[in-house]
Amino acid sequence: MNTLDALGFWAKIVQRGLRELPYDLSSRQMGVMLSVYLTPPPHTIRNLSERLGVSKPAICRAVDALSAVDLIRRKKDDEDRRNVLIQRTVTGSVFLSDFADIIMQENDGAAFLAKAEEEKTAA
């Protein structure tokens, strides 16, 4: 896979996501989502900021937007009421599952095309 192939693959995923998914997330919002869903809790604004290398205010804005559509939620920490934890939601899980399905389908299509091209070249 070369640079143009990689960018074309990503473009197909983005285009399908825009057509098929209910929300159009920014890269920062997707980074927050993936961090919350793919790394073990607890998640806080501070640790998301450190993990992603993005300022705390920028993470707060992303969390605000994501929580407004129920992709994640804020919850006061029961052990330390000063802390706010960022948690997963069912809506967010479904969104990421649908996004992963798009990636896998596009990957299957890309693999099929690569195999066909390989067979054509070998012939």
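Go through the range 11-115 and name the trypsin sites (Lys or Arg not before Pro) that are in a DSSP coil and have 14 or fewer other Cβ atoms within 10 Å of their Cβ.
Taking the range 11-115 and a limit of 14 other Cβ atoms within 10 Å, the loop trypsin sites (Lys or Arg not before Pro) found are R81, R82.
In this label model, A68 and D5 are separated by 4.0 nm, measuring between points 7 Å along each Cα→Cβ vector. Given a Förster radius of 30 Å and the C-beta distance between T39 and V14 as r, what FRET efficiency does 1/(1 + (r/R0)^6) yield to the nearest 0.05? The calculated FRET efficiency here is 0.80. Working note: Karplus 6.51/-1.76/1.60 with θ = phi - 60° gives the range 103-109 the couplings 4, 5, 5, 5, 5, 4, x Hz, where Gly and Pro are set to x.
Annotation for R61 and R82: the two label points, set 7 Å from Cα along the Cα-Cβ direction, are 2.7 nm apart.
Geometric descriptor of the chain, per residue, is 119 Å³ (volume of the convex hull of the Cα atoms). Under 5 Å from the amide H of I72 lie the amide H atoms of S67, each residue being 5 or more positions distant or on a separate chain, with H modelled from the backbone and absent for Pro and chain starts. Nearest 10 degrees is fine. How inclined is helix 3-20 to the longest principal axis of the chain, computing both from alpha carbons? Once rounded, one gets 60 degrees. Among the GluC sites (Glu not before Pro) found in the range 4-110, those both in a DSSP coil and sparsely packed, with 11 or fewer other Cβ atoms within 10 Å of their Cβ, are E79.
Read-outs: derived from the displayed coordinates by stated rules, not from any lab. If you're wondering where the values come from, they're calculated on a predicted model, not measured in any experiment. Cβ coordinates were reconstructed from backbone atoms using ideal geometry, including for glycine residues, and neighbour counts include every protein chain displayed.
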